[in-house]
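Below is one structure; the comments refer to it alone.
The values are calculated or read from the model by the stated rules, or taken from the named source; none is laboratory data. In this text the structure is predicted, and so the values were computed from the model without any measurement. FYI the Cβ positions are ideal-geometry reconstructions off the backbone, even for glycines, and counts take in every protein chain you see. Areas reflect the complete protein model, heavy atoms only, side chains present, ligands, DNA and RNA absent. Shrake-Rupley method; radii C 1.70, N 1.55, O 1.52, S 1.80 Å.
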Amino acid sequence: YRQPHGRLINFYAAETSDWSVATGDATAAYRSLDENTWVWTPLLQGAVRTVAYNAKAGVALIYDWVQSATKRRWQMNYQTLVAPVDIGAREFKVNAGDGVSVCVNYHGYDGKYAAPEKMSKVAKNAQLKWPAGEPEQYHTAYKTNIRSNSLASLIVLKEDCNAVSVTAEYLSPTKLLVKVDTSWFIFDKKAVQLSE
């Protein structure tokens, strides 16, 4: 359904900065629809994502915060054009084979990655037809080991698996201090602060 929607709640892209930052609230997208009454019921109390990107450093930070009245095992989903390789406890690599690669690192609750699935198979299982002639794509999921009412996590993407230093420290269950070389961020639910 197209009725559930999100909204942009924060944006930063100063000309003097190497960083661009945007925060979106997708809480309204996580609802169920009773098709008899056409009433929407919220499934989450909060679903917010902040993305910070530095093209010069080749680093993207993706902070997610979700809140639920029901305890859940949270799942992070990744869609890629090629199957991830070198899958570890909290990281994997995607190599497009054309000299472009990205390393993905997860900070958050303990969990594990499932083996990558072909999206054509996922579509077939959902009784959908994969478009003829379209290249294969892949779905990889990270699922937390525990059930909880909230999750605050960070995904770090490094272009060409570069050596830029990125550290993440939890200051509270939802508040993360992230350092990227000499820059720092504090992410907390809908709020973000940066060192500039």
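Here are the numbers:
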read-out	value
Qualifying GluC sites (Glu not before Pro) for segment 89-154 [loop in DSSP, other Cβ within 10 Å: at most 12]	GLU136
Cα Rg, Dmax (largest Cα-Cα span) when computed across segment 7-77, Å	16.1, 53
In sequence order, calculated HN-Hα J values of segment 76-91 (Karplus, 6.51, -1.76, 1.60; Hz; x Gly/Pro)	9, 10, 10, 10, 9, 7, 10, 5, x, 10, 6, 6, x, 4, 9, 8
Amide N proximity, segment 41-84 versus ASN105 label position 7 Å along Cα-to-Cβ, cut-off under 13 Å	59-62
Accessible area per residue in Å² at 1.4 Å probe, computed on the chain	59 Å²
Relative compactness, the chain, computed as alpha-carbon Rg over 2.2 N^0.38 Å	1.10
Rounded D (µm²/s) - segment 19-130, Kirkwood Rh over Cα pairs, Stokes-Einstein at 37 °C, 0.692 mPa s	192 µm²/s
Percent carbon-and-sulfur accessible area, segment 128-196, ignoring ligands, DNA and RNA, probe 1.4 Å	51 percent
